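Bear in mind that the values in this text are calculations on the coordinates, not laboratory data. Because the structure is a prediction, the values reported are computed rather than measured. FYI the Cβ positions are ideal-geometry reconstructions off the backbone, even for glycines, and counts take in every protein chain you see.
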């Protein structure tokens, strides 16, 4: 009987680990937002470091602040990315990123696997995979994920008597200090473990040995191009932030406007972590390091959304210890009755999530700004249009926006520097507040900046600047549109110097018609695309349709928007495009979509959009009901609260004053 129970436990454990690993790999198999934001700059700096055999210490990629001091805390990641990109290309990097993220989660899962309670552990692993997937981009932070998982695994092996993990942790500690700014969290993990060892072995010799081991972490971390300054830099990086970064907001701030899988999973995993902290007694002092690490990860996760992967990894070994880990608890454990039957629930959840990722609906349902990115591989050439424009006569100085600045630098360097990129700390805070943000308004400050900087061309991301910016530039005769695609639009100043480039690249009615024809053909081919590319291609098509809307070409875009809606009726971004582009005869059909989405919203905007339609038709009581129901989903939304107050205020004035 005991052998049968042991075999059943092993079967559950194997199924759980395999299911979670498969889900994590598929969730991470996505281009993410890598090339649209950071990756181009990382590849460019990696090449510069390899060629010059030195790490730049200023913001040399821009012409606005080329000499501004910059501590590159991820230079080694950039070298790694550059060499990998040269060897296996963008899709190879995507596969490698998926493998590294899966390895990080597996290391945390296998650090202290439980003897019982595998269904609970399975659910926690699924939640962790979903949370990690929120950051599934080719960015230096993947080495922090790997480091956290590796350290958790090594700590458990040291507890079991192994010596080799200490050397592994030290070696990775040096790499980590040069690969990503979260290396301080790794040092903190080592510090928590040293504190645990002090509690368990009060001898002076043992304590001195542990203290020397911890000091070595700091010494190795100081072996970076900036020395002690680089070691301490993470503690003061936010001192010079002149821009608010979406990912730096807390999950509670996100919940004001949207929900996504990470936000749905985070409270449940947090409750599991809190329950583990409150009830775990089996590890006692032997597991105090895990309690400290998980507590720190929990606090950091609810402070900034970008920190949530720390909890996704740190919660698992703590839960394993709480359930009776094979590593920390050698006592026999009672078998869970009906274990295989109970395990059906996480198995069904695991299979359902895998299916949703593969068929794309996991991505399609959720809104910006933190929607999951599409499953599949990519084509790097679609990010090189700016380079082709340069070959066809585009000249600087270039004005670019925050979102696309790194990609502009990647395409134009070394002939032209960039105006700005998405590193707030690499520019003076005053630059963002006094120049960049006001310039986006295209008012007096923009005219001053354009004159002072000698702006000759403009390249901006469409999702970054929105429709009003694009249409305002289209109305100005001094700027000529020379390019647009799913990602960006580009203008040249109408001068004699640019005459030939404008003649070669000008966007006119025929080029828009050609763009539309290509778009239509690709929508036709979409159902026949391979699964590895279908959802990435659909995502690209959606944003090409958005480009047409930005160019005030909604009549051209509408038929294709409707076709895409028929293919994917759950596509949230398509619903947004339908709302702003529907012709009069299709308004009622769009209203049905808006009403349906407002019934079970994943964004406060879906509630507000339908409520405003009802208000415009004088259906105030219905609008009030829609807003009130929406607050059950988004109780923190100030917009929904204001909408309710405005309707009630109008009703009060009408009752009192008859107006």
- Query: By how many degrees, between 0 and 90 and to the nearest 10, does the Cα long axis of helix 462-474 differ from the longest principal axis of the chain?
  - Reply: 10 degrees
- Query: In which sequence would 484, 145 go, from the one with the fewest C-beta neighbours within 10 Å to the one with the most?
  - Reply: 484, 145
- Query: In whole percent, what relative contact order does the chain give with Cα contacts below 8 Å and a gap of six or more residues?
  - Reply: 16 percent
- Item | Peptides ranked, highest mean first, by Cβ atoms within 10 Å: ranges 643-656, 183-196, 10-23 | 183-196, 10-23, 643-656
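With a ≥ b ≥ c taken as the square roots of the eigenvalues of the C-alpha gyration tensor of region 573-615, please select rounded if a/c is under 1.5 and otherwise prolate if a/b is larger than b/c or oblate if it is not?
Here region 573-615 falls in the prolate category.
For region 384-507, what does the relative contact order come out to in percent, with C-alpha contacts under 8 Å and a separation of six or more?
With pairs under 8 Å counted, the relative contact order is 26 percent.
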- Message: Quick check: the angle from helix 509-525's long axis to the longest principal axis of the chain, C-alpha only, nearest 10 degrees?
- Response: 40 degrees
- Grab the DSSP H runs of the chain that are 4 residues or longer, score each as -39,500 (n - 2.57), total them, divide by all residues and round the 222 nm result to the nearest 500 deg cm²/dmol. -20500 deg cm²/dmol
- If packing is taken as the mean number of other Cβ atoms within 10 Å per residue, what is the order of 147-153, 409-415, highest first? 147-153, 409-415
- Task: Have a look at the DSSP beta bridges in the chain and tell me what percent are antiparallel, nearest 5.
- Result: 75 percent
- Item | Likely footprinting exposure, 504, 243, 101, fewest C-beta neighbours within 10 Å first | 504, 243, 101
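Hey, can you rank 566-575, 288-297, 312-321 by average C-beta count inside 10 Å, highest first?
Put in order of decreasing packing, that is 312-321, 288-297, 566-575.
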- Query: Once a ≥ b ≥ c are taken as the square roots of the eigenvalues of the Cα gyration tensor of region 601-659, is the result rounded (a/c under 1.5), prolate (a/b larger than b/c) or oblate (a/b not larger than b/c)?
  - Reply: prolate
- Among (i) 11; (ii) 25; (iii) 22, the entry that matches percent of Cα pairs over 47 Å apart as calculated here: (iii)
- Query: Rounded, prolate or oblate: which fits region 391-477 when a ≥ b ≥ c are the square roots of the eigenvalues of the alpha-carbon gyration tensor, with rounded for a/c under 1.5 and prolate only if a/b beats b/c?
  - Reply: rounded
- Message: Taking 45 Å as R0, compute the FRET efficiency from the Cβ-Cβ separation of residue 433 and residue 379 and round it to 0.05.
- Response: 0.75
- Measuring from the longest principal axis of the C-alpha atoms of the chain, the long axis of helix 261-279 (C-alpha) lies at a number of degrees, nearest 10, equal to 20 degrees
- Query: Label points 7 Å out from Cα along the Cβ direction at residue 87 and residue 591: separation in nm?
  - Reply: 6.0 nm
